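Nothing in this text is a laboratory measurement; each read-out follows from the coordinates by a stated rule. It should be emphasised that the depicted structure is a prediction, and the values quoted were computed from it without experimental measurement. Glycine also receives a Cβ, built like all others from the backbone with ideal geometry; neighbour counts cover every protein chain displayed.
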């Protein structure tokens, strides 16, 4: 078994799922689609037969490509009488889908999926002989039960296990529904980013209990996993995973921000390019529609050579259909590109905010440490001063001793421990206890020649000094004589 194996869990919210995303999850691609996927990603078509899904009841089944995930979701909502709040909107507005990815360190996931079989991960390799191991199915069932217990089996729209990529993993499409209503904020986000962070940390800890059985512990860094499904998934992990130190988190977030800037630049260029394509296609569509209208008008007017006109109309209609298909494709891709850009910008804002929060936490921690060290040093200094003064007082004659009569230094040297205890009681507002303590240890108790009680605008330092002075007076013998040395 792989040593120090870590779990991976990524939670991403969206306002729906596209057909393109569904096809990727289900591997519902044409030959051209597969060619494109293998050229741009870590997909191995010769291992596609290893993929499977977990269906209702926790049963292992081949991936059902007959229904897309959007169709499965629509059917799920229809059977439960729940309306998709994004239906009828020009732009989806509500968070209706939570995409979950579950996995682990690469070596451990390879053990679960392939056992001791040697898989060739080189591009273009033939792995059609590889058989799926039972452990990956058992692990997937455990994860399925975990999700069911947390969010309800009825809310799982798809639970797909991929063994044909570089790192085996699960794609779970979850509907954030509670009590018959979409409730992403209640289930995942919480009331603010701090509650969201706490929920995510707890979710990682709960998931670790499931994975302990499979030799995987709670993850601390995405660098340990090797899984790269989409860039933004890593950025979400930066927010939700708990790192060992604040400094590590800040370093991670800075790296994520740098990567995000690059991703945003690429996304902007893609939006710009697709926008230009859509504009050109719209212009071409309008031109062909105008030409078609002109030809049809000529036919209606009985212009010469009607057969040639009809042939031209048929050709133009075919060309118009091709343009319309291209336009629909580019418009869908443009919509996806806009959504991706908005997600990246949202991730940027989230990580920047969390980075700023972490810096504030680090500064607060530094101040706290400094304050504690400062207090320790002051305690040590006071103890050394008292000890030194005790030693020097013992060497002075009666005449010299009178120079220190009534001084704070003399009081601390003679009754330092008692004065400190009395001052602490006064600082805490326990005046009666301080009086009783002083009287029980040879002091005069209360003192009437000094204003007492903390002022409204008095800070801790000034209040502490007054408590110390009062404690010195209270600890002096009531008969007005110094105790024997």
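Modelled spin-label separation between residue 328 and residue 181, with each label point placed 7 Å from Cα along the Cα-to-Cβ direction: 3.7 nm.
Each label was represented as a point 7 Å from its Cα along the Cα-to-Cβ direction; for residue 30 and residue 269 these points are 2.8 nm apart. Within region 31-61, list the residues whose amide N lies under 19 Å from a label point set 7 Å along Cα→Cβ of residue 79. Within reach of a label on residue 79, which here means backbone N under 19 Å from a point 7 Å along Cα→Cβ, region 31-61 contributes 53-61. Ellipsoid fit via the Cα gyration tensor, region 101-144: semi-axes of 21, 12, 9 Å, each the root of five times an eigenvalue, largest first. From least to most packed, judged by other beta carbons within 10 angstrom and beginning with the fewest, 144, 194, 151 follow the order 194, 151, 144. Once the Cβ-Cβ distance between residue 352 and residue 89 is put in as r, and R0 is 35 Å, what FRET efficiency do you end up with, to the nearest 0.05? The pair residue 352/residue 89 has a calculated efficiency of 0.75. Which FRET efficiency value, to the nearest 0.05, is calculated for residue 296 and residue 141 with the Förster distance at 56 angstrom and r the Cβ-Cβ distance? The pair residue 296/residue 141 has a calculated efficiency of 0.35.
Put simply, the Cα atoms of region 7-242 extend 47, 38, 32 Å along their principal axes, the longest span coming first.
Cα centroid separation, region 267-311 to region 137-201: 47 Å.
Give me 172, 467 ranked fewest to most by other Cβ atoms within 10 Å of their Cβ, as a rough exposure proxy.
Working: 172 24, 467 21.
In order of increasing Cβ crowding within 10 Å: 467, 172.
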